[in-house]
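**Q** Can you read through this structure? Questions will come right after.
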There are 4 protein chains.
Amino acid sequence: MILLDRKEYLKNPVEHMKIDGTLTIDGLMQQFKNSGSFGAGRLAAACDIYEKMLRDKECTIFLALSGAVIPAGMRTLVADLVRSNLVDVIVSTGASMVHDAIEALGGHHYKGNWTVDDRELYKYHIFRIYDVLVPEEDYVKLDYKLAEVFSEIADEKKGALLSSRELARELGKRLKDKNSILRAAYEENVPIFMPAVRDSEFGFVHWLHASQANRENVLNLDAFKEVPEICGICSDSPRNGMIVIGGGVPRNTIQSATLASKKGLDYAIVLTMDRPETGGLSGSTLSETVSWGKVKSQADNVMVIGDALMIFPIMVGSVIERLGNKFKRTPYLRHAHQQNLREK
Amino acid sequence: MILLDRKEYLKNPVEHMKIDGTLTIDGLMQQFKNSGSFGAGRLAAACDIYEKMLRDKECTIFLALSGAVIPAGMRTLVADLVRSNLVDVIVSTGASMVHDAIEALGGHHYKGNWTVDDRELYKYHIFRIYDVLVPEEDYVKLDYKLAEVFSEIADEKKGALLSSRELARELGKRLKDKNSILRAAYEENVPIFMPAVRDSEFGFVHWLHASQANRENVLNLDAFKEVPEICGICSDSPRNGMIVIGGGVPRNTIQSATLASKKGLDYAIVLTMDRPETGGLSGSTLSETVSWGKVKSQADNVMVIGDALMIFPIMVGSVIERLGNKFKRTPYLRHAHQQNLREK
Amino acid sequence: MILLDRKEYLKNPVEHMKIDGTLTIDGLMQQFKNSGSFGAGRLAAACDIYEKMLRDKECTIFLALSGAVIPAGMRTLVADLVRSNLVDVIVSTGASMVHDAIEALGGHHYKGNWTVDDRELYKYHIFRIYDVLVPEEDYVKLDYKLAEVFSEIADEKKGALLSSRELARELGKRLKDKNSILRAAYEENVPIFMPAVRDSEFGFVHWLHASQANRENVLNLDAFKEVPEICGICSDSPRNGMIVIGGGVPRNTIQSATLASKKGLDYAIVLTMDRPETGGLSGSTLSETVSWGKVKSQADNVMVIGDALMIFPIMVGSVIERLGNKFKRTPYLRHAHQQNLREK
Amino acid sequence: MILLDRKEYLKNPVEHMKIDGTLTIDGLMQQFKNSGSFGAGRLAAACDIYEKMLRDKECTIFLALSGAVIPAGMRTLVADLVRSNLVDVIVSTGASMVHDAIEALGGHHYKGNWTVDDRELYKYHIFRIYDVLVPEEDYVKLDYKLAEVFSEIADEKKGALLSSRELARELGKRLKDKNSILRAAYEENVPIFMPAVRDSEFGFVHWLHASQANRENVLNLDAFKEVPEICGICSDSPRNGMIVIGGGVPRNTIQSATLASKKGLDYAIVLTMDRPETGGLSGSTLSETVSWGKVKSQADNVMVIGDALMIFPIMVGSVIERLGNKFKRTPYLRHAHQQNLREK
């Protein structure tokens, strides 16, 4: 808590926005920065922090994906961030990578409505994710196709224990869709961790694969193998930054890695609708994480309270605009650490 | 609830956003429209509805202002909407008009932080509104200046009972700041209703004014006088639309007026963080309002869940951009009804 | 912010609850007090503060009512609090007093469901308040009956300007239902303020009354008259306490009165689901109010985050139990100030 | 959506609560049942559903634990539910079982405050979980002690791949504290699944264990092994019920198991503060799960919106009271399925 002189508190008057019909996204964001308060002020701060992360040549950027990222239409956006080196490490729920794979295999998510009759959808074999719909057949197709892929990997690995990162990499290697996050990450050597991978369709795909008659090799996923992998990335980076879409296990995994590696985050952006008072991790304040050493006390950090699926594209749009076409970023660990992570 | 054929549910695949560094606000909104889901989808729908309201030549547009609209930097934005005839009627808390008057009299809101020590602020006579600060002297200056204005109005009206709309108009007449909402509304003949005006600094200004020694005339505000005024506007409009920032009394007042006038809203946009389950009006669904007849069952309507102080400028920016420079709107009731409301 | 020695932080271990089948409400609350954290800890603190208010012989207790208090089944509960002298002043939305009057006139609220078809309800002339239903005829009956009452009051008052408190008192005098809050308050001389009374069915009742042919006297409600009334109560009380159900105008009115009377609250309990980040008053923290002087920096205060309509009865149940049968409370201002407020 | 005759909608008037000083928890809940609306109505419905689950002799009851269950003081409560056979299967975050183990090893959680200075806590090596504090030394002690336990298990298992359920069982076998959830579950043969176990202190304990010099055997955790285990439980149960504290991975795991086993839940209670609109799983409606077949369309189900750490003890208190002392429950699968799960 900073104690100031009275006049220090009253230094920056709120400037009132002037919205005309010609503003770009970053033009709007500059207005938000001058007004500076409530959600708009937080969003402007988030854009500044992401820009700062990207311009810091010694910072590794972790992106936490939870919630309905792909059904929200952000698949190409995330893949593009990976391909442009604007994100270095992804920590995701299993579900988001399942959704990515569904689309890579020709499936789709469909625009729907949250007031439909779910009993009717059930009869139609259509699954609902709030206002997005997925036909069951897309899941079934995924299950069978991926079970084959799992078997192929198992035969190749012959009983070796994989981490979720290695599984994601093997999947990316076999998906051909250039808009796929898994594919883009494979091509760019961006590690994708799925700490709760078992809690997704991948769990059932595995079961399908493992229960095949006469299967000699079974794909074995070591739950703990990735722990030193992600901690190593934090350790090897002079500085670390985190952007969280939602919260949950992906947020916790990144924060814990920065704690275990005794680094602490230098930059942290959390976009969430969850609230802190009930003690859940997703809504916990970034101040709280300072007590643990997960976020450094002097870190640039902000939580934007709202729907991350609306806020993240705005933030990215603003930052890409200000970086401009000529901006090129070389991830600090690309040549160092990731070489070691690359499959031998 | 609409029952569809299976294939009807699966007609519109979510299209994935493509964010480059050149998007305008409406360019982003078109992306949101194609992705179409969650907060982004709702926001895109809100923009479409506001555009539709504006292009409907027989629709009167009500804007409900609650929460910290002026401290959030939206004062000029609202004044500009009034001056551009993009809003026809304002229903506001007293506080927002107090904040408007404070700035018209040379006061300011200041960018602050929500983690400051409130006991220190108290000692410094600085008031906090989340992350915005106001020095007490700006309120004091307002009190004395406005008490004089109240006395001036009282002397002019000689005991006549005013409605809150008439009070707002008298205030606007006396404020010279062109960025003032009260002033813009006065010049454009846009009525401003303040149904809970007593619950604001105006209440204490009145007390100050009324307790002056030897005061012959006291400004008398009739709590109920404005009821037929606002209902009359609804009645006289072929169609009515509502945009709500926040909720509370301003939202309820508009909805009740459309009910009492037996019109029902044809368009409704609510931007709020409140939730429906506890039964409060601010978070109640627009579906619920259909049972009352406040919103028509076939109305275009959407609630966007989030911080209205961030969402409203985005929505306005998108809609102004698509309307273009040449768009001119003539409010339906400008020549009809508002002539009658104009002070004789 | 208090700075402590390390061991001071680690003084009180969380004690784990032991729930058997014989706990009374206060028995559970003692468990919550020992565990002491998150929502349960806040609720236990709220009970302690309400108890403290009641045992403080020089404290006036303000109850703010917003949201669907009567539809939630809390009508008798509030009336009983009034009759037992466990609440001294009520500040309410107009709606809650409308709901009270509807039931006093034989109407009912009905248990419903939030997933019904609102278009069907509209056809049936049934109004929905989340999961509660009200038949339109109960409102119509209210309108006509109350319009008569308004006319009766107007004839009696012959043009005198009433405050909302005086209107509430006149209504209570004429309602005979002993479970009515308005009636109980009338009998016990508990003032009920309705600062936004115009924003309720009372506004339309007034219109009905005022538009009657050949009406000589019209009931005139002075919007500002109650300001010095409520401030006077604060001034005259050595200490003041506030319990808020929900927030909105009722909360703001109480807080502003304690500010304007230069007293500041000594006790404050807010039960709400609203959140602070968007800058609205309902969700604002009690810490923020300290900067204004609305709540004293050393006041006992707590916000319980949740559905007030569930939490308030639990809190009252716990506190009544610990007070016991023999507890009698004499409101400090009963003989002093309220005598003056009593109609002459 | 049910279509009713008009009078069917208006059948059950809200009965107003009567709170005296003698109510037991279930006495209060009966009041909530009669009033029947908003949060109180939902909580009363949750109690009824839990009671129904318990009285259904062919139902297996899954409890999902997420959030700060142990810091909230609910450790003994959950252990008692396990020992009383009022819960059959637990699906938990890793963190809750870490917290359980910390206390079993003599550590504590401490009552704190959410307004402390986190930078000071950091210097003091005290970790904050909202308003609960834990000294770092309790974590360190846990790490070293558990690393030994992991080594002991590894030596015993000699490279065999364990599921998280088997790990939980091995831990419970070695903890001696009777108030430990892990211990109670071990003694009562209640399986505990930790689908995201890697995302907790256990992940770092494993690293510590695995990196010991000259370690011959390493404890290997198979991420996918538990999938058929939990699905088997669902399959073998004539009916399945779910109680969710919070949401997240534990909720998703149970729901997915009922889907994969083609059973669907017959009873579902979710206690959460999360909201549905942003598309996250934790806040998703139970109606949505019907489209997937996770919850049956005719299932008894309710979501209670609020702090689960306050609501769960109230619900349990009410249900235990109504069951009475003599109630004995024999889990359906105790003799059937769990025999097979028992370690050979």
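**Q** Looking at D:M315, D:M242, D:M310, can you tell me which residue is without any contact (Cβ under 8 Å) to a residue 24 or more places away in the chain, crowded, with 24+ Cβ neighbours inside 10 Å and closer than 20 Å to D:E51 by Cα?
**A** One residue alone meets the criteria, D:M310.
**Q** In addition: Evaluate the stretch C:127-140: report whether one residue or more is on the phi > 0 side of the Ramachandran plot and among the hydroxyl-bearing types (S, T, Y). Please lay out each step first, then the result.
**A** Step one: of the stretch C:127-140, the residues on the phi > 0 side of the Ramachandran plot are C:130.
Cutting the leftovers down to among the hydroxyl-bearing types (S, T, Y) gives us C:130.
Yes; the residues of the stretch C:127-140 include at least one that is on the phi > 0 side of the Ramachandran plot and among the hydroxyl-bearing types (S, T, Y).
The rows are residues; the columns are (1) more than 22 Å from D:G67 (Cα to Cα); (2) more than 14 Å from chain B (Cβ to nearest Cβ).
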{"site": "A:G247", "(1), (2)": "no, yes"}
{"site": "A:T258", "(1), (2)": "no, yes"}
{"site": "A:L265", "(1), (2)": "yes, yes"}
{"site": "A:R275", "(1), (2)": "no, no"}
{"site": "A:G279", "(1), (2)": "no, yes"}
{"site": "A:T285", "(1), (2)": "no, no"}
{"site": "A:A299", "(1), (2)": "yes, yes"}
{"site": "A:S318", "(1), (2)": "yes, no"}
{"site": "A:R322", "(1), (2)": "yes, no"}
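**Q** Would you confirm whether any residue within the stretch D:14-31 is under 16 Å from the mean Cα position of the chain (by Cα) and touching a residue at least 24 places away in the same chain (Cβ under 8 Å)?
**A** Checked against the condition, which is being under 16 Å from the mean Cα position of the chain (by Cα) and touching a residue at least 24 places away in the same chain (Cβ under 8 Å), the stretch D:14-31 yields no hits at all.
**Q** Looking only at the stretch A:52-88, filter to residues that are at the interface with chain B (Cβ under 9 Å from one of its Cβ atoms) and part of a loop (DSSP other than H, G, I, E, B); which one of those is surrounded by the fewest Cβ atoms within 10 Å (Cβ to Cβ)?
**A** Per the stated criteria, the residue is A:I70.
**Q** Is it the case that some residue within the stretch B:303-318 is at pLDDT below 95 and either basic (K, R) or within 30 Å of D:G36 (Cβ to Cβ) (or both)?
**A** No; the residues of the stretch B:303-318 include none that is at pLDDT below 95 and either basic (K, R) or within 30 Å of D:G36 (Cβ to Cβ) (or both).
**Q** Oh, and also: Do the conditions hold for A:I102, that is, is it closer than 27 Å to D:V295 by Cα and among the hydrophobic types (A, V, I, L, M, F, W, C)? Don't jump to the end; show me each part of the working.
**A** Working: closer than 27 Å to D:V295 by Cα: yes; among the hydrophobic types (A, V, I, L, M, F, W, C): yes.
The answer is yes for A:I102.
**Q** Sort through B:A64, B:A79, B:A46, B:A40 and tell me the only one that's over 25 Å from B:C234 (Cβ atoms) and small (G, A, S).
**A** Exactly one residue qualifies, and that residue is B:A40.
**Q** Being at the interface with another protein chain (Cβ under 7 Å from one of its Cβ atoms) and of a type outside the set (A, V, I, L, M, F, W, C) is the filter here, so list the residues in the stretch D:130-162 that pass it.
**A** Within the stretch D:130-162, D:Y130, D:D131, D:P135 qualify.
**Q** Does the stretch A:185-195 include one or more residues that are of a type in the set (G, A, S) and either more than 21 Å from the chain's Cα centre (by Cα) or farther than 18 Å from A:L86 by Cβ (or both)?
**A** No: zero hits.
**Q** Residues B:E156, B:E229: which one is modelled with pLDDT of 95 or more, out of contact with any Phe, Trp or Tyr (no Cβ under 8 Å at 6 or more places or on another chain) and not small (G, A, S)?
**A** Answer to the selection: B:E156.
**Q** Among the residues of the stretch A:27-48, is there at least one that is buried (at least 20 other Cβ atoms within 10 Å of the Cβ) and within 23 Å of A:P331 (Cα to Cα)?
**A** Yes, the stretch A:27-48 has at least one match.
**Q** A further question on this structure: Kindly check whether there is at least one residue in the stretch A:37-47 that is at pLDDT below 95 and on the phi > 0 side of the Ramachandran plot.
**A** no
**Q** Follow-up. Here is a list: C:D48, C:D5. Which entry is touching a residue at least 12 places away in the same chain (Cβ under 8 Å), more than 7 Å from chain D (Cβ to nearest Cβ) and charged (D, E, K, R)?
**A** After ruling out the rest, the residue left standing is C:D48.
**Q** So C:A40 ticks every box in (1) at the interface with chain D (Cβ under 7 Å from one of its Cβ atoms); (2) part of a loop (DSSP other than H, G, I, E, B); (3) touching an Asp or Glu at 6+ places or on another chain (Cβ under 9 Å) but one. Which box is left unticked?
**A** Of the numbered conditions (1) at the interface with chain D (Cβ under 7 Å from one of its Cβ atoms); (2) part of a loop (DSSP other than H, G, I, E, B); (3) touching an Asp or Glu at 6+ places or on another chain (Cβ under 9 Å), the odd one out for C:A40 is (2).
**Q** Still on this structure: On the basis of being buried (at least 24 other Cβ atoms within 10 Å of the Cβ), in a loop (DSSP other than H, G, I, E, B) and of a type in the set (D, E), does B:D177 make the cut?
**A** Taking the combined requirement at face value, the residue does not satisfy it.
**Q** One residue is enough: does the stretch A:197-214 have a residue meeting the conditions more than 8 Å from chain D (Cβ to nearest Cβ), surrounded by fewer than 23 Cβ atoms within 10 Å (Cβ to Cβ) and either closer than 21 Å to D:G159 by Cα or among the aliphatic types (A, V, I, L, M) (or both)?
**A** Yes, because at least one residue in the stretch A:197-214 is more than 8 Å from chain D (Cβ to nearest Cβ), surrounded by fewer than 23 Cβ atoms within 10 Å (Cβ to Cβ) and either closer than 21 Å to D:G159 by Cα or among the aliphatic types (A, V, I, L, M) (or both).
**Q** Can you go through B:E103, B:E137 and tell me which one is assigned to a helix (DSSP H, G or I), touching a residue at least 12 places away in the same chain (Cβ under 8 Å) and crowded, with 21+ Cβ neighbours inside 10 Å?
**A** On the way: B:E137 fails: crowded, with 21+ Cβ neighbours inside 10 Å.
It is B:E103.
**Q** Name the residue, out of C:S282, C:S237, that is among the hydroxyl-bearing types (S, T, Y) and under 24 Å from B:D274 (Cα atoms).
**A** Residue meeting the stated conditions: C:S282.
**Q** Could you tell me whether B:T272 is among the β-branched types (V, I, T), in contact with a strand residue (DSSP E or B) (Cβ under 8 Å, 6 or more places away or on another chain) and surrounded by fewer than 21 Cβ atoms within 10 Å (Cβ to Cβ)?
**A** Answer is no for this residue.
**Q** Let me ask something additional. Those residues that are part of a helix (DSSP H, G or I) and either more than 7 Å from chain B (Cβ to nearest Cβ) or β-branched (V, I, T) (or both), I need them from the stretch A:11-30; list them, please.
**A** Looking only at the stretch A:11-30, we keep the residues that are part of a helix (DSSP H, G or I), and these are A:25-30.
Scanning the stretch A:11-30 gives A:I25, A:D26, A:G27, A:M29, A:Q30.
**Q** Taking only the stretch A:110-129 into account, find how many residues are in a loop (DSSP other than H, G, I, E, B) and within 11 Å of chain D (Cβ to nearest Cβ).
**A** Of the residues in the stretch A:110-129, 6 are in a loop (DSSP other than H, G, I, E, B) and within 11 Å of chain D (Cβ to nearest Cβ).
**Q** Every residue in the stretch C:160-174 that is part of a helix (DSSP H, G or I) and surrounded by fewer than 19 Cβ atoms within 10 Å (Cβ to Cβ), please.
**A** Listed by number, the residues that qualify are C:K173, C:R174.
The values are calculated or read from the model by the stated rules, or taken from the named source; none is laboratory data. Bear in mind that the values here come from a model prediction, so they are computed numbers and not experimental data. Here the Cβ is made from the backbone with ideal geometry for all residues, glycine too, and neighbour counts use every protein chain on show.
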